[in-house]
1. Packing-wise, with mean Cβ within 10 Å as the measure, how do 13-25, 112-124 rank, highest first?
2. What residues qualify as long-range amide H neighbours of Val175, i.e. H under 5 Å apart, gap of 5 or more or another chain, H built at 1.01 Å from N?
3. Taking θ = phi - 60°, what integer Hz values does the Karplus form 6.51 cos²θ - 1.76 cosθ + 1.60 yield along region 140-152, in sequence order, with x for Gly and Pro?
4. I need the peptides 48-56, 133-141 ranked by packing, meaning the mean over residues of other C-beta atoms within 10 angstrom, with the highest value on top.
5. So what is the calculated 222 nm ellipticity per residue for the chain, using -39500 (n - 2.57) for each DSSP H run with n of 4 or more, over all residues, to the nearest 500 deg cm²/dmol?
6. Calculate, in nm to one decimal, what Glu13 and Lys143 gain on full extension: separation in residues at 0.36 nm each, minus their alpha carbon distance.
7. Would you mind computing, in nm to one decimal, how far apart the modelled labels at Arg24 and Ser72 are, each placed 7 Å from Cα along Cα→Cβ?
8. Could you tell me the calculated FRET efficiency between Thr164 and Glu107, based on Cβ-Cβ distance and R0 = 25 angstrom, to the nearest 0.05?
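Since every read-out is calculated from the coordinates, none of them should be taken as a lab result. Computed from a prediction, not measured in an experiment: that's the story for all the values here. Positions of Cβ are generated from backbone atoms using ideal geometry, with glycine treated the same way; all protein chains shown enter the neighbour counts.
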Amino acid sequence: MRAFIAVSIDPAEMMRPLHRALGRLGQSVRAVPLENLHLTLRFLGDTDDEMTPRIREVIETALVDARPFAVSLTGVGAFPTPRRPNVVWVGVEHDDRFDPIVRRLDEALEPLGWPLPSKPWQAHVTVARVKRRPPDELAQIMKAHREHEFGMLQVEAVHLVRSTLSREGATYERVVTVAL
């Protein structure tokens, strides 16, 4: 299975106006369906189904001291840059409570065969993927939402998610859920 470890964005309704605006941009910009919005803590890639119990243990260990908390979803940006976007994201107010969770996930996954990430983790929610040169309206939407406060995300559980790719886009299935 293709998999990642993430926090679900629930309710994603807070992003519906942005989602509608991105959806009007045509084929070059593909908005992520609201039900697929999430905050990735660690991308795993192709993963043997037999590893599921071990990954559950990793998540449980990473969350051992964690309690539910809230973070603000604020602002819109793009990777690699707003002028040449491949990914459009909503920012997550940095909260130090994510740091030990992500660090523990990384440290526990390494002995299982997942190398440490080459780049530092950046908290964000991918809201669209840009396939080719986007229309000028994308820059206007991003500018209008640069400091927009979408709402609070209640972080109450972490999921192991199976991602199935198709021509229509990805579908996600929660395989494991561990409460904080």
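1. Highest-to-lowest ranking by the protection proxy: 13-25, 112-124.
2. Leu160, Val161, Arg162
3. In residue order, the calculated couplings are 5, 5, 5, 5, 5, 10, 3, 10, 5, 9, 7, x, 9 Hz.
4. 133-141, 48-56
5. Calculated from helices alone, the mean residue ellipticity at 222 nm is -6500 deg cm²/dmol.
6. Result: 44.7 nm gained on full extension.
7. 2.7
8. Plugging the Cβ-Cβ distance into 1/(1 + (r/R0)^6) gives 0.30.
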